[in-house]
1. Hey, could you check region 37-83 for residues that are among the polar types (S, T, N, Q) and over 23 Å from the mean Cα position of the chain (by Cα) and say which is surrounded by the fewest Cβ atoms within 10 Å (Cβ to Cβ)?
2. Would you kindly identify the strands (runs of 3 or more DSSP E) lying entirely within region 72-189 that contain at least 1 residues that are in contact (Cβ under 8 Å) with a residue 24 or more places away in the chain, closer than 30 Å to Ile35 by Cβ and in contact with a Pro (Cβ under 7 Å, 6 or more places away or on another chain)?
Amino acid sequence: MWVAILVPGQNGRVHAQQPTGSVPTVTGTPPGAVIRVDLSLDQIEVYAGPSTYLYPAIGVMLAGQEAPALGRSVDQNWIQIYYPGVPGSVAWVYALYVSLNRGGSLPILESPPTPTPASTPTIDPTLAAAFIPAETATRLPTFTAPAPLVLPAFVDQSSDTNRIPIGLLIFGFGFVGALGAFISFLRGR
């Protein structure tokens, strides 16, 4: 309720209004557990459920910001917090990014149902048909006979007595080379 104050000498005009009741002030801290965002992080994302893959991000919290903790996920990796401004005023934060102050154990909470997608992707058959190439009929390959197999025939030349055996030539050249190396060694002394 508001009361008009008349200031005398001003032709009875109203100059200001003042409230007649007292304004309540909030003092103290909320009861129960409170989370605080780690100061080493600039900000963290707040999710609609305890997963970064199954639930969308619905907000952020800045470094050092506090919020009342309501419970933990079944796997203990996520903490549900009071987060005004979103449906149900609850959100989830990853437990490693926050510290839990003023409170003991939190109750275990079940995950909320995953949100349904806004649209289900479908393939337009006329659009897909534009990118599928038309298959043309091809003839089957015809059978072509392979060329006849020719086996090489080696002629036995062991009956030729005018030739020197290769092994004897290799041994002879090796002996001459070793003899030359030995003579070079002796001359170098």
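Bear in mind that the values in this text are calculations on the coordinates, not laboratory data. If you're wondering where the values come from, they're calculated on a predicted model, not measured in any experiment. No Cβ is skipped: glycine too gets one built from the backbone with ideal geometry, and neighbour counts run over all protein chains shown.
1. Gln65
2. Working: elements: 78-82, 90-94, 98-101.
In region 72-189, the matching strands (runs of 3 or more DSSP E) lie at 78-82, 90-94.
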